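The values are calculated or read from the model by the stated rules, or taken from the named source; none is laboratory data. Computed from a predicted model, the values in this text were never measured in an experiment. A quick note on method: Cβ atoms are made from the backbone with ideal geometry, for glycine too, and the neighbour counts reach across all protein chains shown. Only protein heavy atoms, including side chains, enter the accessible area calculation; ligands, DNA and RNA are left aside. Shrake-Rupley method; radii C 1.70, N 1.55, O 1.52, S 1.80 Å.
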Amino acid sequence: MVTNLIPLIETQDIVKKFGSFIALNGVSLKVYPGEVHALLGDNGAGKSTLIKALSGVHQPTSGKIIVEGKETKFNSPRDASEVGIGTVYQDLALNSLTSVTRNFFLGRELKFGKGPFGILKMNKMHGIAIEEMAKIGIKIEDPEQPVGTMSGGQRQTLAIARAIYFGAKVLILDEPTSALGQKQQMEVLKTIKKVQQLGNIAIILITHNEIHARLIADRYTFISLGEVIGSGTSKDLAGDDIRRLMAGGAEVGDLAKELA
Amino acid sequence: MNSSNSLRKESDRHKSKSSLISILSRPEIGPIGVMILLFGMLGYFSIPASETTWNPFAGEGFNALGIRNNLRVISQLGIIALGAGLLIIAGEFDLSIGSMIGFAGACMAMILRWGFSIIIPYVYFDDGAHIEFYTLLHISDVSPILAIFITLCFTLTFGWIQGFIIVRSGLPSFIVTLGGLFFLRGLTEVSLRSFNHRPDQAKGATTVTEIPDIKNIINLPGYGEMEREAAKYLPDGDLLSIVKNLPSDVIYKITERLEYTFQRVAEAKTNLLIAKGVKPLEKALENAVASDNEYMIKTIQEKIENFKIDPVIPKSVTEIDIARAYIDSIGTSRPIADFFGGNILEPIFDWLYFPIDWNVNNFGNQFAPGLYSCVMIWVILSLVCYIVLSKTQVGNWIYSTGGNLSAAQANGVPTNKVKISLFIFSAFCATLFATCQVFEVNTSDAAKGNLKELEAIAAAVIGGIVMTGGFGTVLGIIVGAFIFGLAKEAFFYIPGVDGSFYRVFLGFVIIASALLNENIRKRIMGNI
Ligand SMILES: Nc1ncnc2c1ncn2[C@@H]1O[C@H](COP(=O)(O)OP(=O)(O)O)[C@@H](O)[C@H]1O
Ligand SMILES: [Mg+2]
C-alpha cells in the first residue's frame, strides 16, 4: 500500500455530543485509497456515531472532516454521497420484493426522456448491474431475480457494487458480516478484497471479528468510550495487541486469570 | 479437492426454470384460473335447460346484452381497483373511494343542472349584523368539460389533503381515509339537500334529476342543436323535408337496414304466434301421453306438424322511418359527454346485427347498441397504469415505497411525493367512475358508490396485490376486477341458486387469494 499519498478522507478531533452525553471525544483518523481501514471497538464505543458523522447523518459538535485535502461540511446524507462517500448500512437499503436491477438503480434509474415518467432502459440497466457485480466477484445469472431470493453475501455485494458504481470513493461498511453464515462471511470478505484491489477506493470497515479484520485490514483504529485508544498498520500490530485493544484496553491475560 | 471449476456456486442453487414453469409461477396465474372457471360457470349454467349442447358459450350469459352489462360492472370496478391497487402497492389504503364517487357525481350533476358560482359570504352591519352573499362568479350553462374540470379540482385537492395528512402525521391511512369516507358522504348529502330546497325539486331530496341527455345532443342540419329524442318527434312535415335533402346513397343504406329490421321483427312475431298456438297442443299431447291414448297422441302430433299460421307481413319502410333512423345515425355534438357516457364499438354491434344476425333480441330488434364507454376508459387507464408501474421510474418508486420504505428513502426516492400522488390518483379514478355514471344516466344520487372502496380493495387482493405493499401487477388488478364482476353474474345465472351466494363465493376467494399472495411474498422475501 502507498502511504505517501494524501488521505482520501480524514477526521480531526471529531467531538459529538448527544445532550450531555459525549459519544465521541476527539476522534482523528486517516483513510487512504486502496486501503481497508478497520474500525474496531466494543459495543457502544462510538463507531456507528463516527461513520454517521462521515456520511452526513449526524453533524459533529466540533472537529473537521477533510475530503481529499479540502475541509467539508455535510448537512445531509446527500451532501456526503455527492462528494463520494458511500455507506452500506446493516439493513443494506434493499427492497427484497423487486429485482436485482431495480434495486441496483433504485432512485437513480436510467431512462429515456426526462422526468419521473421516463421509460426505463431495462436492458442497459440489466447489463450494467451484471457487469458491476461481476467486477467484485459475484456472477448473477438472472438480473430479474428478486433480491429476497439472493443469499446474504450476494445482497452485500449488490449494495457495495451499487455504491461504487454511483461514485463512491470512500466505502463505509457497518458490520457487513455480522448477520451472515460462515461461508457468506468469506464471500463478503472476498468482495471487499476485490474492491481494495481496484486501488482507488478507501474502505472503512467496522467489525467485531478480529479474524476478519486480520484477513483484510491494512490499518486499524481502536475506539473505546468515544476515544481512539490505539491505531497502526497491520505490520505494526501483533495479534495480542489487537485482542487487547478490541476489548477496550483490558488485558486478555487478566480475563484468563479471572476465569481461572 | 477437485478442480475449482467443478465447485458448486451459490447461483447453481437457483434452478433455471423452463418457460412453462416460469409462466406458471407468475403471481397472476391463480386469479386467471379462477377467472376461467367463472367464465365456464357463467356459460354453462346459462344454457337453457332443454338444450343439450356442450358449448358453454351458447348460453344466455353470452348474448350481446349480457356482455354489454357485464363489462360495464367489470370496467367500473376495474377503474377504481386500479387507483386502490397502485396505492396498496405503495403501502397505503384509501377507504374514501366510494364516498368520493358519490361526491364527484353529485358535484358534477349539480354543476350541470344548476351552473357553477363562487359566492363570498360577508358580515353586513346595517340594521343589525347579518350575513350577506356576494356572487363573485356565476356560470349558468356549464359545458361538460368545465364541469369535469371543476369537479376534479375538488376531488384531487381532497385526495392531496388526505395524502398530505398521512405522510406528515405518520397516521395510518386507514384512519385518515375512514374520516374521509364519512366526511365526503355527509358533505354530499348536505349539499344535495340544500341545493334541492327549491321550487323545482322535491324538498330535501339527495338526488339530482332532469339533467339533459347531453351526450345525445345533436346538430340537426337546418334546425341547430337539439336532443336526439326531440328531433325524432319533430312534426311529420319537418321529418319529410329532412329526408328530401338526404343523398340517395344514404337513403338506400338506411332503407336496406330498415327493411332487414322489419323483416326480422315480422319473423319474430310469426314465431311468437306459432309458439302461442302450438303450446296448448303440446300440453294436450303431454296429457295424451300420460293417459296412453295412442289415437289422441297421433292426432295431436299431426295437428302440431300441420300447424300453420299466416306469416306476419313486414311493415313497409316509410319516409318518416328513414328520417328517424337518419337522426339516430347523426353523431353527437357533445363529444366529451359522449366520450364518458356514450357507447363504443357501435359499428361492430351494428354489423353483428346486420348482416351477421347475432345481436338480435326476442322481438327481432338489435339487442345491444355497443359497449358502455367506461369499458374504453378502463382499457386506456389500464394501459397507462401498466406502462407507468412496470416500465417507468415512477413504477420502481411505487414498488420500493411499499416494499421497503426506509430503503427507498435512503436511495433518494421521494416517497412522500409518491404516496401523495397516489392518493390523488385514487381520487382521480373515483372521479372517472362518477363521470362515466353521470353522463350515462343523467342523474346523480348521494348514495352512489356505497361500499365501492371495499370492492376495489377486494378486486386488488384477488388480483394478487399484497396488503402490506410492494408487490402486485396491473394485469393482476385487471383480472381481479374480472373475477369480482363475473362472480356476480355467474351466480345469478345458476338456476335455483340464490344470487347472493356470489358474496359467499367472493368471501372465500378473497381469503384464499390473500393466503396465496402472502405465501408468494414470503417465498420471495426468502422466509420459506
Ligand atoms: N442519537 C443518539 N442519541 C443519544 N445517544 C446516542 C445516539 N446515537 C448513539 N448514542 C449513544 O452513543 C454511544 C455510541 O453508540 P454507537 O456509535 O452506536 O456505538 P457502536 O456503533 O460503537 O456500538 C452509545 O452509548 C449510544 O447509546
Ligand atoms: Mg454500531
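At a glance:
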read-out	value
Contact order normalised by residue count of segment B:274-400, Cα under 8 Å, 6+ apart, percent	15
Shielding by partners, peptide A:116-125 (average Cβ within 10 angstrom, other chains)	4
Inter-centroid distance (Cα atoms) of segment A:58-95 relative to segment B:425-470, Å	46
Enclosed volume per residue, in Å³, of the convex hull spanned by Cα atoms of chain B	273
In segment A:52-99, GluC sites (Glu not before Pro) in a DSSP loop with at most 16 other beta-carbon atoms within 10 Å	A:E68
Overall form of segment A:119-208 per C-alpha gyration tensor (a/c, 1.5; a/b vs b/c)	oblate
Whole-percent carbon and sulfur share, accessible surface of segment B:360-501, 1.4 Å	66
Packing-based ranking, highest mean first, of B:346-359, B:295-308, B:171-184 given that Cβ atoms within 10 Å are counted	B:171-184, B:346-359, B:295-308
At q = 0.11, 0.13, 0.21, 0.23 Å⁻¹, base-10 log of I(q)/I(0) for segment B:113-202 (Debye sum, equal scatterers on each alpha carbon)	-0.52, -0.70, -1.14, -1.19
Amide hydrogen neighbours beyond the local backbone of A:G232, cut-off 5 Å, H modeled	A:Y220
Contact order relative to length of segment B:190-313, as percent, for alpha carbon pairs under 8 angstrom and 6 or more apart	14
Estimated Rh, segment B:312-390: Kirkwood, alpha-carbon pairs, angstrom	15.2
Helical contribution to [θ] at 222 nm, DSSP H n ≥ 4, -39,500 (n - 2.57), averaged over chain A, rounded to 500	-9500 deg cm²/dmol
Unsatisfied cross-links (Cα-Cα over 31 Å) in the set A:K111/B:K417; B:K215/B:K244; A:K64/A:K193; A:K52/A:K124	A:K52/A:K124
Cα-only radius of gyration and Dmax that characterise segment A:1-64, units Å	12.5, 41
Between segment B:129-146 and segment B:67-128, the alpha-carbon center distance in angstrom	20
Selected from A:L245, A:L189, A:L106 as most flexible by GNM, with chain A as the system and alpha-carbon contacts under 10 Å	A:L106
Part-to-part distance (alpha-carbon centres) for segment B:170-197 and segment B:362-421, which is given in Å	25
Rg over Rh [alpha-carbon atoms, Kirkwood Rh] for segment A:62-158	1.05
Helical contribution to [θ] at 222 nm, DSSP H n ≥ 4, -39,500 (n - 2.57), averaged over chain B, rounded to 500	-21000 deg cm²/dmol
Local net charge near A:Q90, Cβ-Cβ under 13 Å (Lys/Arg +1, Asp/Glu -1)	0
Percent of C-alpha pairs per 20 Å bin, the protein assembly as shown, short to long	13, 32, 28, 17, 8, 2, 0
Share of pairwise Cα separations in chain A, more than 34 Å, in percent	20
Cα-based convex hull volume of segment B:203-262 per residue, rounded to whole Å³	153
Peptide B:463-471, shielding by other chains (average Cβ, 10 Å cutoff)	1
Average partner coverage of A:108-114, which counts Cβ from other chains inside 10 Å	3
Reference-scaled alpha-carbon Rg (2.2 N^0.38 Å with N residues) for segment B:398-528	1.27
Peptides B:283-293, B:443-453, B:70-80 ordered by average Cβ neighbours within 10 Å, highest first	B:70-80, B:443-453, B:283-293
Amide H contacts under 5 Å for A:T87, placed H, 5+ residues apart	A:I172
Summed buried accessible area for A+B [probe radius 1.4 Å, Å², rounded to 100]	2500
Carbon + sulfur, % of accessible area of segment A:99-170 - ligands and nucleic acids excluded, 1.4 Å	56
Descending semi-axes in whole angstrom, ellipsoid equivalent of segment B:370-455, from the Cα gyration tensor	32, 16, 9
Distance cut-off 15 Å, percentage of C-alpha pairs in segment B:61-139 lying past it	76
Heavy-atom surface of the protein assembly as shown, accessible at 1.4 Å and reported per residue (Å²)	50
Surface share of carbon and sulfur [accessible, 1.4 angstrom probe, percent] for segment B:221-310	55
Of B:N450, A:F112, B:Y252, farthest towards positive along the dipole that unit charges on Lys, Arg, Asp, Glu beta carbons give the protein assembly as shown	A:F112
As computed over segment B:137-189, the Cα convex hull volume per residue (Å³)	100
Under the span-like rule (Cα at least 30 Å along the axis, Kyte-Doolittle mean at least 0.5), DSSP H helices of chain B	B:64-89, B:144-169, B:173-196, B:415-441, B:501-525
Relative contact order (percent, whole number), chain B, Cα cutoff 8 Å, 6+ residue spacing	30
Highest-first arrangement of B:143-149, B:422-428, where packing means the average Cβ count within 10 Å	B:422-428, B:143-149
